[in-house]
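Taking it in order: structure first as structure tokens, then the write-up.
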Amino acid sequence: MKKFLFFCFFILLQQVVSAQPKDYEWNTPSKNSSESMPCGGGDIGMNVWMENGDVLFYLSRSGSFDENNSLLKAGRFRVSISPNIDISRFRQILHLNEGYVEVTDGTVSIQLWADVTKPVVHVDMESKREKLNVAVTYENWRTKDITMTKREAFQSSYKFGAPKGLKTHHDSIVAADRMLTFIHCNGEQTIFDATVSQQKMDAVKDKLYNPLKNLVFGGRMRGEGFVLMDTLAGRYVSSDYQGWIYVTERPRKKAHIQIAMANRQGSVDEWTAQLSTLEGKVRHDWDRRNSRRWWQQFWQRSYIEASSLTSHLLPLTSIVRNYTLFRYMLGCNARGEWPTKFNGGLFTFDPEYVNKLEEYRLSPDFRNWGGGVHTAQNQRLVYWPMLKSGDFDLLRPQLNFYLNIYNNAEERSKLYWGHEGACLTEQIENYGLPCYPEYGTKRPAGFDPGMERNAWLEYEWDTCLEFCMMALEMRRYQNIDVSAYIPMIYSCLRFFDEHYQYLANQRGAKRLNEAGKLVLYPGSGGETFKMAYNSTSTIVALRTVTQALIDYENGVEPSDQIDVPYLAGLLKRLPDITVRDGMIQPALHWERVQNTEPTQLYPVFPWRNYGVGRPDIDIARNTFLNDSLAVKFRSHVGWKQDVIWAACLGLTDEAEALLMKKMADGPYRFPAFWGPGFDWSPDHNWGGSGMIGMQEMLLQEVGTKLYLFPAWPKKWNVRFKLCASRGTTVEAEMKNGQVVHVKVTPKERQHDVVLP
């Protein structure tokens, strides 16, 4: 009878809710680039704003790494029209549902959009009345070599270890009568070569993946009826630039500019041929329809919306809007070959608007903590929310990042220590080696050449396991083929087993302790608990990923590359985490506290050993609420994960308070430009951790059970659609503290729902 009544109740709750995000709009022009609005698609990002009568935009593309591994912008574009937009009727609109930005007064319209399938940007201009005279200026601040300041070097992988006189090399600009080409060409020698030499890997250099050598990137601007009129020199904010002005030959009611882009390792001729082939595939009207259709489908995958607007729900309205705006920004790199960077993604702007100190008066290329180097602890927070949001295509570039570099990491293990397994360090380059300065430019004689000489990063190499888990979860969520990642996952696990047995053998005669367990020493709990003995975050990561890989192998046709009995043995060799005084400990012992991240809560998230519907939740809650360091380090800023842990533990009041701060409007005009936090603006790991927290407040999955609203305040009226495992989507609505609609697809999972 109970099952029957629940079934009837569930049927009554079902309702299909369609999602169409609301446009985001400004009614006044902006003052500068910090008041820009994001626009993009495919693997392209633009910062768009109107200033002093001109529409300007910065253009960025994923993978545009120079010889120093800075992530360079393509340039700045300035659109001037006459008659101009009537400022009294000015509107700048981010059309979220169709993925484009429009600047208009109702009569004149300038639309900017990026093709989601090809790296091409379009600017469409139209007047309903008078014909327009249009001028489009390409502005470039790298027309000559730039000697980098000490601070400026932080945009590169050299950071604080930059050699004296380090330069950003110039671009090449070819301004023909009817088109302009801009190119940056890396040479044979890049920071890759300096890193290989520094880290004593010359013996295997020819085996190493090198994405920077002879990399050519840039693009070409052209438009029907546009001709080169003039050049100019100017200064925007703190950077001198040169400009090339293209104008319409005659007034017209419609005008169009396209900017096609290409990245290629090889010669300039090969790059030019690739660009020309791309341009030949452009079909403006069809590409626009296709791109808008892609965005419309993107928003149908998942959503979170405030379902009724009353005065006490205004903070919720902002929070869910910011969730949506940030997800849009992540969607702009769905097709990229490279991941979205945690420290600004594709949407950085002039740095003096992030930090007012004199030393930050630098070019628009600047971002703190490098362009090609990845702080994995930060990157993971950008990518975990893509599982529940159903954005599996967005997740691919980050997983492929590791797929491309793990062979280089295996070469490290073989060369330095003579064993197998991929040693993927924290602060890892896009070619799989430790970051040049973090490796240490001042190393004592005899120091292990495989180790980073860095107080924050030493022995921190377990973050790669989170990306391994994301790949396995992608399979569990959507039955996506992840076979390409399986050897990498196996290699990452094998490294820990082999390396810690190797270290034990260096210290004494036995590779395992008296109980036959690995001794994970020296280790690290994130960047915080250093020289740790049996770090909790490492143990729980190894245990969870090993079991998930065993489950994967048992569920598909076994791979001859994976030894399942070996994995079962590894699982038995892993020590237990330490629980003391009713709280999870960061490790059995540690020597010092270096940072402010309480990794004793990693068993809650990302590893989900504790939480709603799981055993011993009181131990984890006690740790969150009463552990002295967990309380001391609590914050909503940047990469802080407290809102996630509170949500996973069903602590509704704590989750609400933290989310209100985490997802509140950022300090810039566009509310989802957070930061700088600990990193840079826009702070993407700030937004990513906020997304995760909100998702966990709405939906958690434990085994086969789907827990709805496990940490959601009853006073907040909301509806959502999120993804779960086995191809499941869950749509639900809470109104006035009651669950009023639920729809689970496929229907056979309706009995898995656990209502609050």
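The values are calculated or read from the model by the stated rules, or taken from the named source; none is laboratory data. As the structure is a computational prediction, the values presented were derived from the model and not from experiment. Cβ coordinates were reconstructed from backbone atoms using ideal geometry, including for glycine residues, and neighbour counts include every protein chain displayed. The protein model used for the area step is the full one, side chains on, heavy atoms only, and it has no ligands, DNA or RNA in it. Shrake-Rupley method; radii C 1.70, N 1.55, O 1.52, S 1.80 Å.
So in the range 559-575, with the set limited to residues that are assigned to a loop (DSSP other than H, G, I, E, B) and under 32 Å from the mean Cα position of the chain (by Cα), which one is surrounded by the most Cβ atoms within 10 Å (Cβ to Cβ)? Please lay out each step first, then the result.
Going through the range 559-575, the residues assigned to a loop (DSSP other than H, G, I, E, B) turn out to be 559-563, 574-575.
Remaining after also requiring under 32 Å from the mean Cα position of the chain (by Cα): 559, 561-562, 574.
Values: S559: 14, Q561: 10, I562: 16, L574: 19.
Here the residue is L574.
Check A548, A484, A541 and return the single one that is touching a helix residue (DSSP H, G or I) at 6+ places or on another chain (Cβ under 8 Å), open to solvent by 10 Å² or more (accessible area, probe 1.4 Å), under 22 Å from T599 (Cβ atoms) and not in a loop (DSSP other than H, G, I, E, B). Can you show your working first?
Details: A484 fails: under 22 Å from T599 (Cβ atoms); A541 fails: open to solvent by 10 Å² or more (accessible area, probe 1.4 Å).
Answer to the check: A548.
Y209 versus (1) farther than 26 Å from E429 by Cα; (2) open to solvent by 60 Å² or more (accessible area, probe 1.4 Å); (3) not in a helix (DSSP H, G or I); (4) not polar (S, T, N, Q): which is the lone unmet condition?
Checking Y209 against (1) farther than 26 Å from E429 by Cα; (2) open to solvent by 60 Å² or more (accessible area, probe 1.4 Å); (3) not in a helix (DSSP H, G or I); (4) not polar (S, T, N, Q), the one that fails is (1).
Identify all residues within the range 63-79 that are on the phi < 0 side of the Ramachandran plot, of a type outside the set (K, R) and in a loop (DSSP other than H, G, I, E, B); write none if there are none.
At the first step, the residues of the range 63-79 found to be on the phi < 0 side of the Ramachandran plot are 64-68, 70-74, 76-79.
Those still in the list that are of a type outside the set (K, R) too: 64-68, 70-72, 74, 77, 79.
S64, D66, E67, N68, S70, L72, A74 - these are the residues of the range 63-79 that are on the phi < 0 side of the Ramachandran plot, of a type outside the set (K, R) and in a loop (DSSP other than H, G, I, E, B).
For residues in the range 60-77 being crowded, with 24+ Cβ neighbours inside 10 Å and aliphatic (A, V, I, L, M), which is farthest from the chain's Cα centre (by Cα)?
Among those residues, the one meeting the criterion is A74.
Just checking: which of the helices (runs of 4 or more DSSP H) contained wholly in the range 603-695 hold 1 or more residues that are open to solvent by less than 10 Å² (accessible area, probe 1.4 Å) and not aliphatic (A, V, I, L, M)?
Numbers: elements: 617-626, 628-632, 642-648, 652-662.
Hits in the range 603-695: 617-626, 642-648, 652-662.
Going by what's in this entry, would H741 be described as outside any loop (DSSP other than H, G, I, E, B) and surrounded by fewer than 16 Cβ atoms within 10 Å (Cβ to Cβ)? Don't jump to the end; show me each part of the working.
Details: outside any loop (DSSP other than H, G, I, E, B): yes; surrounded by fewer than 16 Cβ atoms within 10 Å (Cβ to Cβ): no.
Judged against the criteria, H741 is not a match.
Is it true that V101 is out of contact with any Ser or Thr (no Cβ under 8 Å at 6 or more places or on another chain), modelled with pLDDT of 95 or more, assigned to a strand (DSSP E or B) and closer than 30 Å to E429 by Cβ? Give the derivation first.
Details: out of contact with any Ser or Thr (no Cβ under 8 Å at 6 or more places or on another chain): yes; modelled with pLDDT of 95 or more: yes; assigned to a strand (DSSP E or B): yes; closer than 30 Å to E429 by Cβ: no.
Criteria not met by V101.
Would a scan of the range 469-477 turn up a residue that is open to solvent by less than 60 Å² (accessible area, probe 1.4 Å) and either outside any helix (DSSP H, G or I) or at pLDDT below 95 (or both)?
Within the range 469-477, not a single residue is open to solvent by less than 60 Å² (accessible area, probe 1.4 Å) and either outside any helix (DSSP H, G or I) or at pLDDT below 95 (or both).
Tell me, which strands (runs of 3 or more DSSP E) lie completely within the range 223-275 with 3 or more residues that are modelled with pLDDT of 95 or more, open to solvent by 40 Å² or more (accessible area, probe 1.4 Å) and more than 22 Å from T143 (Cβ to Cβ)? First the steps, then the outcome.
Working: elements: 226-236, 239-248, 254-265.
It comes to 254-265.
Quick one: T536 ticks every box in (1) at pLDDT 95 or above; (2) open to solvent by 40 Å² or more (accessible area, probe 1.4 Å) bar one, so which box is it?
If we test T536 against (1) at pLDDT 95 or above; (2) open to solvent by 40 Å² or more (accessible area, probe 1.4 Å), just (2) comes out false.
Among the residues of the range 414-441 satisfying the criterion of being in a loop (DSSP other than H, G, I, E, B) and aliphatic (A, V, I, L, M), which is nearest to S524 (Cα to Cα)? Give the derivation first.
Going residue by residue through the range 414-441, those that are in a loop (DSSP other than H, G, I, E, B) are 418-427, 429-433, 435, 440-441.
Among the residues that remain, those that are also aliphatic (A, V, I, L, M) are: 422, 424, 433.
Working: A422: 17, L424: 14, L433: 19 Å.
Per the criteria, the residue is L424.
Is it true that K715 is among the charged types (D, E, K, R), over 17 Å from L387 (Cα atoms) and not in a strand (DSSP E or B)? So that I can check it myself, show each step before the final result.
Details: among the charged types (D, E, K, R): yes; over 17 Å from L387 (Cα atoms): yes; not in a strand (DSSP E or B): yes.
Against the criterion (among the charged types (D, E, K, R), over 17 Å from L387 (Cα atoms) and not in a strand (DSSP E or B)), K715 qualifies.
Out of the residues in the range 184-226 that are farther than 29 Å from H284 by Cβ and among the basic types (K, R), which is farthest from the chain's Cα centre (by Cα)?
Selected residue: K200.
Exactly one condition in (1) closer than 23 Å to L72 by Cβ; (2) surrounded by fewer than 24 Cβ atoms within 10 Å (Cβ to Cβ); (3) over 19 Å from the mean Cα position of the chain (by Cα) is not met by P351; state its number.
Failed condition: (2).
Please work out if R327 is open to solvent by less than 10 Å² (accessible area, probe 1.4 Å) and either among the hydrophobic types (A, V, I, L, M, F, W, C) or more than 30 Å from N210 (Cβ to Cβ) (or both).
On the way: open to solvent by less than 10 Å² (accessible area, probe 1.4 Å): yes; either among the hydrophobic types (A, V, I, L, M, F, W, C) or more than 30 Å from N210 (Cβ to Cβ) (or both): yes.
Criteria met by R327.
With the structure loaded, tell me whether E411 is open to solvent by 20 Å² or more (accessible area, probe 1.4 Å), of a type outside the set (F, W, Y), farther than 27 Å from P351 by Cβ and in a loop (DSSP other than H, G, I, E, B) or whether it fails that test. Lay out the reasoning, then the answer.
Numbers: open to solvent by 20 Å² or more (accessible area, probe 1.4 Å): yes; of a type outside the set (F, W, Y): yes; farther than 27 Å from P351 by Cβ: yes; in a loop (DSSP other than H, G, I, E, B): no.
No: the conditions fail for E411.
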